[in-house]
Number of protein chains: 2
Amino acid sequence: MTDLTSLPPLPDDERVLLLLGLLTSQERHGYEINDFIERQLGCVIDLKKATAYQLLDRLEQHALIASHTVQHGARPTRKVYRLTEEGHAHFLKLLAAQLRHEEILIVPGSVSIMFCEHLPAAERLTALRERLTKLEARVAIQERLLELPELTGGVKLSTARILALTRADLEWLRGWVGELERGEVVP
Amino acid sequence: MTDLTSLPPLPDDERVLLLLGLLTSQERHGYEINDFIERQLGCVIDLKKATAYQLLDRLEQHALIASHTVQHGARPTRKVYRLTEEGHAHFLKLLAAQLRHEEILIVPGSVSIMFCEHLPAAERLTALRERLTKLEARVAIQERLLELPELTGGVKLSTARILALTRADLEWLRGWVGELERGEVVP
DNA sequence: TCTTGAATAGTCAAATTTAACTAATTACAA
DNA sequence: TTGTAATTAGTTAAATTTGACTATTCAAGA
């Protein structure tokens, strides 16, 4: 058996939890996993193909998943992954830990807000109105997404969370732009 | 003059905007910049010391900032940075672009929510209550932070945004835990 | 039937990011 | 006065991440 201590360590993060989780319900091949992440989880997590493949390799080295290759017609061979018993145990441990865990929310877009006073009032207002419009569109998209029937329970739940956050961002921005329009904040 | 085209390109992101922005009001040395980020911007952006130094070097190579060294007693020499004219122009351009810009909110903590059904109902509820408690504490911290007088206008504004988002997360989680407690969701 | 685009399955060089380290000075409590 | 922690100012080796690339197959329209 391979010496686990000499292996590059596994990060204890959401990405590992995601990959293990996707394999609990069924075996999947690499392309399938990446496709699911791209199509269904665009709002939930940012995980690129190359990173996923690298993590899958590492999970296999740690024996949390196992793979076998499958040929389909003349297609390139697929590497199909399944969860091992250790993998399933690890998944449950990670899941409990991360569900319990709470972390500071760091979201993009705050630095420009922080320095917005450096922009002339008119230009500032124009820019913020544009951001507002885009944000409204984003909320509309996510609302429609949530109605799609192909969203399974869990994905729906986490999408609902993101929507709640995005709506809050919208409300906050609306309020601020309103103040600016009524001239309440301009010095 | 150095050939800018052969230089490693500058990312157009929040970090660059932040460093330039911190130098608009005053000259600052490296330590001062990193100290400010750590103390005041912990909620706003995640930028580590080493990354900041690397970006400062690059900004200087691109002539957006200039530096000179200063000796204070027997202390290690400080490298003091100031914004150049090009730097100021670039700052305003970046600022307008980023204020206008809207980006999907990807926040940590959603993957465990997505898979929470895999946990026995009792354990799930315990874990979520723990997360709720921590989240309440986080909101309390941020509310107190917002009252501190040393927060300047801009920092206050962006902190208020984060607080709005964190509160939304809290409300969402409260609602969900409530449903679970009343047994509305358990299958 | 020919072309175009999507599906399929990755790999790899290059850029980015950070944890850990170095090293001197000063302030302060014990 | 002695130890300890904070201030000061970075550097670097190592890990992580990703954009760009390679190739083949299949489906469907022109």
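The values are calculated or read from the model by the stated rules, or taken from the named source; none is laboratory data. The model shown is predicted, which means the values in this text are computed figures rather than measured ones. Because the Cβ atoms are built from the backbone with ideal geometry, glycine has one as well, and the counts that use them run over all protein chains shown. These accessible areas exclude ligands, DNA and RNA; they are computed on the full protein's heavy atoms, side chains included. Shrake-Rupley method; radii C 1.70, N 1.55, O 1.52, S 1.80 Å.
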Verdict on B:Ala122 being within 13 Å of chain A (Cβ to nearest Cβ), within 30 Å of B:Gly183 (Cβ to Cβ), without any contact (Cβ under 8 Å) to a residue 24 or more places away in the chain and not acidic (Asp, Glu): yes
Set B:Gln98, B:Gln54: member being within 15 Å of DNA strand D (Cβ to nearest atom) and out of contact with any Gly (no Cβ under 7 Å at 6 or more places or on another chain): B:Gln54
Candidates B:Phe115, B:Phe91 - the one that is of a type in the set (A, V, I, L, M, F, W, C), surrounded by 15 or more Cβ atoms within 10 Å (Cβ to Cβ) and facing another protein chain (nearest Cβ under 7 Å): B:Phe115
Condition met for A:Ile106 (over 29 Å from A:Arg39 (Cβ atoms) and either within 19 Å of the chain's Cα centre (by Cα) or within 7 Å of chain B (Cβ to nearest Cβ) (or both)): no
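Which residues, taken from region B:6-19, are away from DNA strand D (no atom under 14 Å from the Cβ) and more than 9 Å from every other protein chain (Cβ to nearest Cβ)? Before the answer, list the steps.
Going residue by residue through region B:6-19, those that are away from DNA strand D (no atom under 14 Å from the Cβ) are B:6-7, B:10, B:14-18.
Once the filter is applied, which keeps residues that are away from DNA strand D (no atom under 14 Å from the Cβ) and more than 9 Å from every other protein chain (Cβ to nearest Cβ), region B:6-19 yields B:Ser6, B:Leu7, B:Leu10, B:Val16.
Among the residues of region A:41-87, which ones are more than 14 Å from DNA strand C (Cβ to nearest atom) and buried (at least 16 other Cβ atoms within 10 Å of the Cβ)? Let's see the steps before the verdict.
Of region A:41-87, the ones more than 14 Å from DNA strand C (Cβ to nearest atom) are A:41-45, A:62-64, A:83-87.
Of everything in region A:41-87, those that are more than 14 Å from DNA strand C (Cβ to nearest atom) and buried (at least 16 other Cβ atoms within 10 Å of the Cβ) turn out to be A:Leu41, A:Cys43, A:Val44, A:Ile45, A:His62, A:Ala63, A:Leu64, A:Leu83, A:Thr84, A:Gly87.
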Breaking point among (1) within 13 Å of chain B (Cβ to nearest Cβ); (2) within 23 Å of the chain's Cα centre (by Cα), for A:Asp57: (1)
Near pairs, Cβ below 7 angstrom, 6+ apart or cross-chain, from region B:36-63 (without any contact (Cβ under 8 Å) to a residue 24 or more places away in the chain) to any residue that is outside any helix (DSSP H, G or I) and within 9 Å of DNA strand D (Cβ to nearest atom): B:Glu60/B:Ser67
Matching option when the condition is over 30 Å from A:Arg144 (Cα atoms), modelled with pLDDT under 90 and not assigned by TED's automatic domain parsing to the domain that holds A:Pro149, among A:Asp12, A:Asp57: A:Asp12
A:Gly178, sole failed condition from (1) in a helix (DSSP H, G or I); (2) in contact with a helix residue (DSSP H, G or I) (Cβ under 9 Å, 6 or more places away or on another chain): (2)
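Which of the residues that make up region B:22-31 are away from DNA strand C (no atom under 15 Å from the Cβ) and either of a type in the set (Ser, Thr, Tyr) or part of a helix (DSSP H, G or I) (or both)? Can you show your working first?
Pass one, region B:22-31, residues away from DNA strand C (no atom under 15 Å from the Cβ): B:22-28.
Passing the criteria: B:Leu22, B:Thr24, B:Ser25.
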Selected residue (criterion: nearest to the other protein chains (Cβ to nearest Cβ)) from residues of region A:125-153 that are open to solvent by 10 Å² or more (accessible area, probe 1.4 Å), without any contact (Cβ under 8 Å) to a residue 12 or more places away in the chain and touching a helix residue (DSSP H, G or I) at 6+ places or on another chain (Cβ under 7 Å): A:Glu130
